[in-house]
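The values are calculated or read from the model by the stated rules, or taken from the named source; none is laboratory data. These numbers were taken from a predicted model, which means no experiment stands behind them. Heads up, the Cβs are rebuilt from the backbone with ideal geometry, glycines too, and the neighbour counts pull from every protein chain shown. Calculation scope for accessible area: heavy atoms of the full protein, side chains included, ligands and nucleic acids excluded. Shrake-Rupley method; radii C 1.70, N 1.55, O 1.52, S 1.80 Å.
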Amino acid sequence: MSAAADVRPALIGHLKDLHLPTVRGCYEETARQAERETLSYEQYLLEVISRECEQRRKSRVQRLLKESALPLEKSLQNFDVKRLPAKATRQLRTLLEGGFLDRKENVLVFGNPGSGKSHLLTALAQELVVVRERKMHFTKCALLMQDLLAAKRDLRLSREIKQLGRYEGLIIDDLGYLQQSRDDMEVVFTLLAERYERGSVLMTSNLPFSKWEAIFKDAMMTAAAIDRLVHHSVIIELNIPSYRVEHAKQKQQAENQAEGEGGGPA
């Protein structure tokens, strides 16, 4: 039996004990490559360890994406950045660096329905997960409220809020899109109060602050919610036409043009 054959079982056993599956899977192939290219021992070791680290990074990102519950189809690659106002483009570029999460700053995006608010925040969050491995979580405001109400009913609201506190950025989509009762919004306010200066909130709304009393149903609660959100925040205003309306118009124009070119008497 060769010396290499003697070494192999022991090496595989050690790699299993050290939880290095990628090294275990590639060390032989990489060793043959090192021989062909006359790599040094250090270069060979660097290659196999680099592959292990890269695979671990990919696994971490996949886990973070799964936990984020982000709609992955709304990526930055699929977002028409050219439609953004110049100021919003600059703000997005800065936010992609991720520093606002370290400073526990909020990101509040306002605009009419169809202006791209949700896609913008979702794309931002995906980039922060994939590129910077930040812990993000996405939820519709209505679904979040239902979960919090259920937790309150079962006397586990503080535990639910603590669970959400694991995420550096919590995306709350469509605040004010549906009418809710005061009791409904009280649990959302409790969450916002608990996250104040402890974690970032990324929120979209089609209603300006002046109309938020219709959301929270109480002037004092409205003022307190706005105060906590705005104190450390980046506010993005998307005063642009609806993307969906523009897309529908373009599609209709293309269909009319096609009909005009293909029409006429036979």
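If I ask for residues that are among the aliphatic types (A, V, I, L, M), within 25 Å of GLY176 (Cα to Cα) and either out of contact with any helix residue (DSSP H, G or I) (no Cβ under 6 Å at 6 or more places or on another chain) or part of a helix (DSSP H, G or I) (or both), which ones from the range 127-156 would you list?
ALA142, LEU143, LEU144, MET145, LEU148, LEU149, ALA150, ALA151
Filter the range 93-108 down to the residues that are open to solvent by 20 Å² or more (accessible area, probe 1.4 Å) and part of a loop (DSSP other than H, G, I, E, B) and list them by number.
Within the range 93-108, LEU96, GLU97, ARG103, LYS104, GLU105 qualify.
Out of the residues in the range 220-234 that are closer than 20 Å to LEU95 by Cβ and touching a Phe, Trp or Tyr at 6+ places or on another chain (Cβ under 7 Å), which is most open to solvent (accessible area, probe 1.4 Å)?
Going through the qualifying residues, I end up with ARG228.
Any residue at all in the range 33-46 that is surrounded by 11 or more Cβ atoms within 10 Å (Cβ to Cβ) and in contact (Cβ under 8 Å) with a residue 24 or more places away in the chain?
Taking every residue of the range 33-46 in turn, none turns out to be surrounded by 11 or more Cβ atoms within 10 Å (Cβ to Cβ) and in contact (Cβ under 8 Å) with a residue 24 or more places away in the chain.
Only residues that are among the charged types (D, E, K, R) and at pLDDT below 95: list them for the range 182-203, please.
ARG182, ASP183, ASP184, GLU186
Please pick out the residue among GLY116, GLY111 that is over 21 Å from LEU72 (Cα atoms), open to solvent by less than 40 Å² (accessible area, probe 1.4 Å) and more than 13 Å from the chain's Cα centre (by Cα).
Going through GLY116, GLY111 in turn, the sole match is GLY111.
Return only the number of the condition from (1) modelled with pLDDT under 95; (2) over 30 Å from ASN78 (Cα atoms); (3) surrounded by 13 or more Cβ atoms within 10 Å (Cβ to Cβ); (4) not basic (Lys, Arg) that GLN179 does not satisfy.
Going through (1) modelled with pLDDT under 95; (2) over 30 Å from ASN78 (Cα atoms); (3) surrounded by 13 or more Cβ atoms within 10 Å (Cβ to Cβ); (4) not basic (Lys, Arg) one by one, GLN179 breaks only (3).
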